Each structure stands twice: as structure tokens, then as C-alpha cells.
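What follows is a set of notes on a single structure, which appears directly below.
The values are calculated or read from the model by the stated rules, or taken from the named source; none is laboratory data. What you see is a predicted model; the values in this text were computed from it and never measured. Ideal geometry is used to build each Cβ from the backbone, glycine not excepted, and the neighbour counts take in all protein chains shown. These accessible areas exclude ligands, DNA and RNA; they are computed on the full protein's heavy atoms, side chains included. Shrake-Rupley method; radii C 1.70, N 1.55, O 1.52, S 1.80 Å.
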Amino acid sequence: MKIGLALGGGGARGAAHIGVLMELERLGIRPNLITGTSIGGLVGALYAAGLTCDDLTEGFREINIGSMYSFAGSAPALTGVTKIEQLLESFIGRPTFADLGIPLAVVTSDLVARKEVILDEGDVITAVLATIAIPILFPPVERDGMVLSDGGILNNTPFNIARARGATYVIAVDLSNSAPFGTPDKPAPTPTGVLGRALALTQRRKTWQIMSVVADIITAQTLQKHLAVSRPEVLLQPNMGSIGLFDFHRLDEGIEAGRTAVREVEEQLSVIGKK
């Protein structure tokens, strides 16, 4: 059995991936390969590079969209990626995909050819910066004539990529199971930095909640298209409630949502943990 773990995108909701990994480890399940989109690609890269679940938790506590602001220069984005890049380097250095302990592939979208591009060679951090490049917020990454942006545009829960790469048992984590639009948000801590204050203002006007819902709608439609062709053995859809794309302060809630999702199918997963 070759276990593939497909981690979906969803911004701060990616904390649920940590909870999923915690429970899989408890059950004795370690993926033989990981595919990831956006925050799923980021978590997958850190885990594949050897970070523990405790490391991931502490790392997420350092992520604050407000404090991540850096000068964008002429890039078509609200912020640059200098601080995010430095943070990732502080976690894992500068590995290539060949250096990783678990094979990894991350999904991006080429804005030039308007097609899905899978990255699994070369510099890992550059690939992560491409898959998390939410349009307008973060700049796309130019590579080999391509302009690469967030993979969630085309394939937010890449279980089909795990299957195509040889996984015989695929566990997929979809982060679009959220509360209906209009559900009250939990108050965020006082924002820091230029971007943090700007996001706080738009959040009060529900701008980012609208963006989250639109992203969930697109994700759900794309997911259904992929499910019509093939299905993962296990599809986890943690209940994310009102956790938004930038609610990194709700880390503990996100982790618990991931843990709960695994516990709900524990009997099914326990079988493969013994193989």
C-alpha cells in the first residue's frame, strides 16, 4: 500500500492539516507521498522537510498576515513575499525537492497558459511561494516563461495528483466546509502592520468574508468535477465554521477541527495503520 496525502488550500484554515497529521501519526499512518495546494502545499513542504506537528504548530503561531507585509515594488500585489520567504527559510533552510524526506508535489496555476502546473523539482520554497500566491494579495512567481499563482484556482484538493503519482490509498483534506455567509466572525486581536490594519478594515465590511465564500464556491465546484472522475479512499472535510482565510489567530480551533475529522473515520483509517 502506498499512502498519498492530499492537502487542500484555505489560508488560515490550513491549521486543520496539522490536526489531521497529529491524528494520522497517532494511528501509525505516515504518508508515502504528499500533494498540496496553497496552504496545503506549505504545510506539506514543512512536514516533508522533517518538521514535527509541534514544530508546525509553533510555526503557525508566528504567521500573522499583518506582520508579513513587505514592500511589493512593481509586483501586481498588495504585499511582497520577502518576510514569508525568510520565515520559511528559518524553518527548513533552502532544500530542493530531492532533499525532502517525503516526496512532495505542489499545485500552481499558470496565468499565461491558464492551466495547472505541478512543481516537484528544484527549490522548494520558490514552489511554495507560487502555490500560496493568492491573486492580488501575493505576487505570482515567474518561472520558465510561466507566471505561477495559487493552485486553488484550478485544483484546490489535489487527490488526483496523488493518485497519478502512484498512491494506492489516498487521504484527501478539503477545507471548504465552512459556515454560511453572514455567520458572525469571532473578534480578531488588534491588527499589526500596514497590511493587518487594511485587512481588518475590509473584514469589518465583510470584504474578505465574501472572498472566502466565493473561494469556497469555486473550490466545491472544482472538487465535484474531480470526484466525478475518481475519488480518494478517504475525503476529510473538517468543519471550519467561521474561520476565514486570514484568521491565523484561530489556530487551536483549526487544529481541533482537523483532529475531529480524522476521529470520525478512525475505524476505517485504523486498518491501514496496521498494514
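Annotations for the structure displayed:
- Loop-exposed chymotrypsin sites (Phe, Trp or Tyr not before Pro) per DSSP, neighbour cap 16 Cβ within 10 angstrom, longest uninterrupted part of the chain: 72-180
- Candidate values [x] 17.3, 53; [y] 18.8, 60; [z] 20.6, 67 were compared with Rg and Dmax of the Cα atoms in Å computed on the shown model; the agreeing label is [x].
- Selected from VAL234, VAL20, VAL124 as most flexible by GNM, with the chain as the system and alpha-carbon contacts under 10 Å: VAL234
- Segment ALA164..VAL214, full-extension length gain: 15.2 nm, with 0.36 nm per residue of separation and the alpha-carbon distance subtracted.
- Each residue, LYS225 and LYS2, gets one label point 7 Å from its Cα in the Cβ direction; the gap between the two is 2.7 nm.
- For the range 234-275, GluC sites (Glu not before Pro) meeting the loop criterion (DSSP other than H, G, I, E, B) and having at most 16 other Cβ atoms within 10 Å: GLU264.
- Sites ASP54 and LYS83, calculated FRET efficiency, Cβ-Cβ separation with R0 25 Å, nearest 0.05: 0.60
- Cα-based Lys pair tally, the chain, threshold under 19 Å, eight or more apart or on separate chains: 4
- Once the Cα-Cα distance is subtracted from the 0.36 nm per residue extended length, the SER90 to GLU116 segment shows a gain of 6.4 nm.
- For the pair GLU25 and ASP123, label points projected 7 Å from Cα toward Cβ lie 2.9 nm apart.
- Ligands, DNA and RNA excluded, the heavy atoms of LYS225 present near 150 Å² of accessible surface to a 1.4 Å solvent probe.
- Amide hydrogen proximity for ARG143: with H placed 1.01 Å from N in the peptide plane, the residues at 5 or more positions away or on another chain lying under 5 Å are LEU148.
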